[in-house]
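Right, one structure below, let's go through it.
What follows draws every value from the coordinates through simple rules; no lab data is involved. Source: prediction; values computed, not measured. Because the Cβ atoms are built from the backbone with ideal geometry, glycine has one as well, and the counts that use them run over all protein chains shown.
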Amino acid sequence: QVQLVESGGGSVQAGGSLRLTCETSDDFRVPNFMGWYRQAPGKEREFVASIRSGGVADVIDLVKGRFTVSGDTGDHTLTLTMNNLKPEDTAVYYCNMRRRGFVSGNFDYWGQGTQVTVSS
């Protein structure tokens, strides 16, 4: 079973910064999507940022200008650099690596999540 592990979460004051990483010790195929999702208590899990095969990066408008996503699909590494954090960023952040659209070898892997808490 492939295991993804998020790290770097913690508690910070508003305006602070954190860097989240997603790592794995397992060897698997190159995903065509790597992304970050977050879920706050009582809310649905939402997409935050992603990198697709080819290096195309995307972040949602709510974090644009504050968060930067980086990584390498070939190395199965994924990072989310978060600056100027706001209380509304408080959530459990999950990493996801998936491969879809192929005849075989597709997958959808998730980590256990890391808590980010931003206080005012």
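Of everything in the range 51-102 that is part of a loop (DSSP other than H, G, I, E, B) and aliphatic (A, V, I, L, M), the residue that is farthest from N32 (Cα to Cα) is L85.
When the range 103-119 is filtered for residues that are over 11 Å from P31 (Cα atoms) and outside any strand (DSSP E or B), the ones remaining, listed by number, are V103, S104, Q112, G113.
Against the numbered list (1) of a type in the set (D, E, K, R); (2) in contact with a strand residue (DSSP E or B) (Cβ under 7 Å, 6 or more places away or on another chain); (3) closer than 24 Å to S119 by Cβ, D58 comes up short only at (3). Could you say whether any residue in the range 52-66 is buried (at least 20 other Cβ atoms within 10 Å of the Cβ), touching a residue at least 12 places away in the same chain (Cβ under 8 Å) and of a type outside the set (A, V, I, L, M)? Scanning the range 52-66 turns up no residue that is buried (at least 20 other Cβ atoms within 10 Å of the Cβ), touching a residue at least 12 places away in the same chain (Cβ under 8 Å) and of a type outside the set (A, V, I, L, M).
Here is a yes/no grid of residues against (1) farther than 22 Å from D72 by Cβ; (2) in contact with a Phe, Trp or Tyr (Cβ under 9 Å, 6 or more places away or on another chain):
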position: G9; (1), (2): no, yes
position: F28; (1), (2): no, yes
position: F33; (1), (2): no, no
position: K43; (1), (2): yes, no
